[in-house]
Amino acid sequence: MEVQPDAAHGSNGSGSNGSGGKGGSPGIELLETPPLEMTTDALLRDVMHYFGHSFGQRVINTGEPFIYQSLALAVRDRLSERWTRTSAAVERDDRRQVAYLSLEFLLGRLLRNALLNLDLQGAVNDAMERLGLNLEDVYDREHDAGLGNGGLGRLAACFLDSCATLRLPVISYGIRYQYGMFRQRLENGQQVEAPDSWLLDGFPWEIKRLQLAQTIRFGGHSEAYTDGAGHARYRWVNTHDVLAVPFDVPVPGYRNDIVNTLRLWSAVATDEFDLEEFNAGSYADAVAAKNAAENITMVLYPNAETENGQELRLRQQYFLASASLQDMLREWVERHGDDFSEFADKRCVQLNDTHPAVAVPELMRLLLDHYGLTWSEAWTVTSRTMAYTNHTLLPEALEAWSVDMFRNLLPRLLDIILEINAHFIKTVGDRWPGDSERVARMSIIEEGPTQMVRMAYLAIVGSFSVNGVAELHSRLLREGLFRDFAELWPHKFNNKTNGVTQRRWLAACNPGLATLVTEKIGDGWTTDLEQLAALAPYAGDTEFQKRWRHVKYTNKKRLARQIARCTGISLDCGMLFDVQVKRIHEYKRQLLNVLHAVHLYDRIRRGDGDELPPRAIIIGGKAAPGYAMAKSIIKFINNVAAVINTDPAMQGRLALVFYPDYNVSAMELICPAADLSEQISTAGKEASGTGNMKFMMNGALTIGTLDGANVEIREAVGADNFFLFGLTVEEIEAARDGYDPTAIIAHDSDFSRVMKLLECGHFNRFEPGILDPVIASVRSPHDVWMTAADFRGFVDAQNRVAEAYMDSANWTRMSILNTASAGRFSTDRTMRDYNNDIWKLEPIELGGR
Ligand code: 26Q
């Protein structure tokens with residue numbers, strides 16, 4: 001199709017900015033221009049303007065990204081207007097604000113969400129139709145922004161949406177990694193990682209703000225001196241400096257004209273860096289040395305919680321913390337001068353896990369060394385400003401950095417950490433005189449062959465609030481991991497149960513169900529998820545059930561098409577779609593799921609499968625590249641899948657699919673199509689889980705252990721509508737002593753048959769030994785995740801699932817009740833809880849235009 005790029009155009013391509021001109025500073029105000037129209041015609045005109053003028057295109061063909069990018073820019077212009085007004089209102093009111101610091105924001109795609117929140121879906125759909133395009137195909141041109149590993153990063157992204165929707169003045173800070181979460185391919189059933197060059201076509205949503213760049217220092221040493229007034233002070237000298245350049249991404253609220261800011265920092269070499277440090281006579285070598293600085297934000301660490309200690313990772317953490325705090329202080333000083341007496345009343349910093357916890361000593365450093373506060377003044381400000389969220393119960397996952405690494409990389413921060421610790425140890429000593437064991441236990445510095453800085457303890461000591469992410473998790477933190485601290489400061493500890501945003505995870509990703517729900521109970525649920533409860537009275541309504549099932553079936557067909565495309569496996573949509581998608585980790589027990597698949601395979605083979613509903617078991621997720629066991633589990637899943645899927649006796653009765661390259665966009669396709677959600681972690685190991693909530697919201701039933709937020713999900717939907725199995729936290733701990741998997745296997749004929757199939761090499765005929773470590777882990781008395789202990793319970797629960805699925809009316813009733821009970825798992829509720837207990841923000845009031 002030939003198109004005519006339109007010269008007449010109302011907006012400025014480079015876009016306006018987030019929190020632009022400073023109040024009070026002289027400058028030329030933006031000319032008042034009429035607001036951009038939200039009509040099909042206006043959007044079409046702007047899209048064609050960018051298409052022709054910014055991208056130099058004349059002809060639309062479906063293989064290029066330019067229509068997507070042109071549309072994104074046209075939408076960004078509409079966001080920009082609201083962005084400027086939001087920033088102006090926040091500045092004008094000078095009220096309390098929160099800075100959310102996170103090393104991860106797993107945003108996924110932004111276009112669909114922006115159109116939904118701006119109420120532009122209809123107009124843009126028409127505009128694309130006029131170009132002979134399908135909006136869904138345009139959406140598919142967008143690359144996921146995968147700046148996160150999993151739950152923690154996606155939670156931060158859901159928080160963005162809910163904070164803007166609740167009008168909360170929250171600015172979020174993160175890192176603009178050049179490469180996000182790696183892409184996963186499978187070769188011979190094994191994971192192969194490929195780089196995620198998500199910025200290759202450009203990222204049309206961001207605006208670079210060079211004028212707000214900050215200098216970040218590394219290395220050198222700290223030096224005492226006496227200032228003009230005779231005070232002993234410290235300075236950090238001979239440093240290697242790196243520039244932090246912010247790129248702002250707009251965060252629209254749902255139909256409320258609010259646009260908050262996500263500020264992502266990118267590392268750039270300073271001129272000094274090149275010339276002073278690498279001036280070995282060669283200009284070219286000096287310029288090439290820029291790499292060292294720019295490496296800092298090159299790549300997201302795809303680590304499992306337990307891999308720790310890379311120096312570059314500490315650089316990333318400090319880079320984020322320092323740039324963000326300097327940005328906050330710049331803005332503070334512009335308005336309040338160097339009076340920090342009200343800082344902690346007007347600002348709060350929420351730390352997403354310990355990853356940005358160096359913010360505690362960094363704020364101290366800035367207040368002490370740059371603004372001349374005394375120790376006690378600076379500590380009062382810092383410890384009343386910081387708040388810390390913990391996301392893990394695995395003790396081995398608690399971050400610790402060696403004191404030596406700190407000394408080399410951040411010498412001035414080490415001084416400050418040691419002094420914080422000295423004061424803290426005095427507090428502990430005063431409270432428990434003579435209890436030196438407790439002092440050693442609680443010290444921020446762990447003694448041993450190599451001294452380590454315990455980042456969680458640093459975060460707790462430096463914060464006024466410490467929260468877990470589900471009720472069970474928060475209780476276990478208080479009673480276990482952080483017991484001593486909870487005894488010392490009970491008032492600091494609190495719970496904030498996670499959630500997910502229903503705008504992305506129901507309204508946008510499941511339009512069929514969203515429409516059906518809205519027809520029945522109105523659309524209030526989009527901003528008040530508890531209204532879903534009004535569906536409950538219709539759970540038994542035959543006509544409604546029929547339509548509910550139809551939506552699910554349609555969603556299953558959509559997923560089945562995608563699975564056929566990317567794996568070649570064809571699924572029948574009458575099958576029970578039994579889904580487990582999440583990072584691959586031993587504690588999440590994908591292995592247990594496969595043991596059940598093998599058990600079903602065995603039953604069908606021996607002619608005992610006639611009562612079973614046909615079932616498609618779908619597993620997806622990435623393994624950390626250095627986590628050998630997780631990678632072996634992927635290989636194991638694929639080998640079992642290859643046998644099951646090629647056995648004619650399994651046709652239409654049992655399928656096992658490994659879904660490659662699982663990411664946010666995949667989940668948007670998967671969760672609307674799931675019948676059963678697998679949440680089968682070893683009790684006490686999953687802090688919360690949030691996939692569980694997305695599935696529930698979309699009408700899947702859960703099979704799960706009493707772990708993380710499963711406990712609250714079961715409470716909300718009722719025990720009858722949840723397939724519970726497995727040992728409790730207490731039972732797991734009690735069963736550890738004398739744990740004997742081989743005896744468990746021997747006493748269970750189903751389990752014995754499964755192990756026999758595995759151990760005779762049935763699933764690795766031509767690859768001898770390749771599955772040995774995985775199989776051996778089930779039999780090991782030292783298996784920390786106690787997979788064998790829960791086998792029987794799991795299989796029995798799956799039998800109850802099978803039976804329930806055969807009664808389609810009753811299954812549908814339970815499905816409806818799951819959606820109806822998902823009200824409290826909205827991040828709108830989570831953010832209200834944070835705000836009522838920790839942040840205490842007032843909603844942004846937009847001025848008139
Ligand atoms: C550690 C060291 C070096 C580099 C990276 C890391 C690293 C990276 C990511 C450590 C941990 C993470 C992510 C943790 C995470 O996603 N935790 C999950 O957080 C969710 C949101 O609260 C919970 O629902 C999950 O239960 C929890 O596992």
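Rounded, prolate or oblate, given the Cα gyration tensor of the stretch 31-111, with a/c below 1.5 counting as rounded?
On the way: a/c = 3.44, a/b = 1.56, b/c = 2.20.
Note, shape of the stretch 31-111 comes out oblate.
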- Taking only the alpha-carbon atoms of the stretch 625-688, what semi-axes of the equivalent ellipsoid follow from 5 times the gyration tensor eigenvalues under a square root, in whole Å, largest first? 23, 18, 14
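Could you look at the stretch 728-798 and say what percent of its accessible area is carbon and sulfur, using a 1.4 Å probe and all protein chains?
Values: 1990 of 3400 Å².
Using a 1.4 Å probe with all protein chains present, the stretch 728-798 comes out at 58 percent carbon and sulfur.
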- Message: Can you find, among S677, Y371, A470, the residue sitting farthest towards the positive end of the charge dipole of the chain, where Lys and Arg contribute +1 and Asp and Glu -1 at Cβ?
- Response: S677
- Query: To one decimal place, what Kirkwood hydrodynamic radius in Å is obtained for the stretch 543-687 from all pairs of distinct Cα atoms?
  - Reply: 15.8 Å
- Message: Using the Cα atoms of the stretch 487-538, I'd like the radius of gyration and the largest Cα-Cα distance, Dmax, both in angstrom.
- Response: 16.3, 53
- Task: Please work out the C-alpha center-to-center distance from the stretch 788-814 to the stretch 571-627 and express it in whole Å.
- Result: 14 Å
- Query: Scattering from the C-alpha atoms of the stretch 348-458 alone, worked out with Debye: what is log10 I(q)/I(0) at q = 0.14, 0.24 1/Å?
  - Reply: -0.60, -1.49
- Across bins of 20 angstrom width beginning at 0, how are the C-alpha pair distances of the chain distributed, in whole percent? 14, 46, 33, 6, 0
- Candidate span helices, the chain: DSSP H, at least 20 Å along axis from Cα coords, Kyte-Doolittle average at least -0.5, result 66-93, 151-165, 411-431, 590-605, 628-646, 791-806
- Task: Please give the direction-averaged projected area of the C-alpha convex hull for the stretch 365-409, in square nanometres with one decimal.
- Result: 4.8 nm²
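How high is the relative contact order of the stretch 646-714, in percent, with contacts defined as C-alpha pairs under 8 Å that are six or more residues apart? Kindly include the intermediate steps, with their values, before the conclusion.
Working: 71 pairs, mean separation 22.0, N = 69.
Result for the stretch 646-714 is 32 percent.
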- Based on Cβ point charges of +1 for Lys and Arg and -1 for Asp and Glu, what charge dipole magnitude is obtained for the stretch 295-424 about its Cα centre, in debye rounded to the nearest 20? 120 debye
- Of all C-alpha pairs within the stretch 388-512, those more than 24 angstrom apart amount in percent to 39 percent
- Message: I need the Debye-formula profile for the stretch 471-564: one equal scatterer per C-alpha, no solvent, reported as log10 I(q)/I(0) at q = 0.12, 0.16, 0.18 1/Å, two decimals.
- Response: -0.61, -0.77, -0.85
- Message: Per DSSP helix of 4 or more residues, -39500 (n - 2.57); summed, then divided by the residues of the chain. What does that give at 222 nm, rounded to the nearest 500?
- Response: -12500 deg cm²/dmol
- Message: Quick check on the stretch 726-849: what are the equivalent-ellipsoid semi-axes from the Cα gyration tensor, as sqrt(5λ), descending, whole Å?
- Response: 45, 23, 17
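Please give the per residue volume of the convex hull enclosing the alpha carbon atoms of the stretch 664-760, rounded to a whole number of Å³. List each step's numbers first, then the result.
Working: hull volume 13.9 nm³, N = 97.
It is 143 Å³ per residue.
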- Note on the structure: Here the convex hull volume per residue of the stretch 183-240, taken over Cα atoms and given in Å³, is 204 Å³
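How much accessible area per residue does the chain have, in Å², with a 1.4 Å probe?
Averaged over the residues of the chain, the accessible area is 37 Å².
Average the reciprocal distances over every distinct pair of alpha-carbons in the stretch 600-753, invert the result, and give the Kirkwood radius in Å. Before the final figure, lay out the partial values.
On the way: mean 1/r = 0.0564 Å⁻¹.
Result for the stretch 600-753, one decimal place: 17.7 Å.
Report, to one decimal in Å, the Kirkwood hydrodynamic radius for the stretch 464-510 based on all distinct Cα pairs.
Kirkwood hydrodynamic radius for the stretch 464-510: 12.0 Å.
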- Query: Over the Cα atoms of the stretch 413-477, Rg to Rh with Kirkwood Rh, two decimal places?
  - Reply: 1.01
- Query: Projected onto the charge dipole of the chain (+1 at Lys/Arg Cβ, -1 at Asp/Glu Cβ, origin at the Cα centre), which of G568, I416, L168 gives the Cα projection farthest towards the positive end?
  - Reply: G568
- Portion, in percent, of the accessible area of the stretch 162-321 that falls on carbon or sulfur, probe 1.4 Å: 47 percent
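Rounded to the nearest angstrom and ordered from largest down, what semi-axes does the equivalent ellipsoid of the stretch 103-197 get from its C-alpha gyration tensor (root of 5λ)? Don't skip to the answer; put the middle values down first.
Working: eigenvalues 147, 106, 18 Å².
In descending order the semi-axes read 27, 23, 10 Å.
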- Can you pull out the trypsin sites (Lys or Arg not before Pro) in the stretch 315-390 that DSSP calls coil and that have at most 15 other Cβ atoms within 10 Å? none
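If exposed means no more than 14 neighbouring beta carbons inside 10 Å and the site is in a DSSP loop, what's the longest run of the chain without any exposed GluC sites (Glu not before Pro)?
On the way: sites that count: E29, E32, E37, E342, E447, E611, E845.
Longest gap between qualifying sites, sites excluded: 38-341.
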- Item | Along each principal axis, Cα extent of the stretch 117-168, largest first, Å | 40, 27, 10
- Item | Paired Rg and Dmax values of the stretch 559-633, which use every Cα atom, in angstrom | 14.2, 42
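Just the number, please: carbon plus sulfur as a percent of the accessible area of the stretch 340-433, 1.4 Å probe, no ligands or DNA/RNA counted. Kindly include the intermediate steps, with their values, before the conclusion.
Numbers: 1560 of 3000 Å².
Roughly 52 percent, rounded to a whole number.
The values are calculated or read from the model by the stated rules, or taken from the named source; none is laboratory data. This structure is a prediction, so every number in the text was calculated from the model and none was measured. Counting neighbours? That spans all protein chains shown, and the Cβs are built from the backbone with ideal geometry, glycine included. Heavy atoms of the whole protein, side chains included, go into the accessibility calculation; ligands, DNA and RNA do not. Shrake-Rupley method; radii C 1.70, N 1.55, O 1.52, S 1.80 Å.
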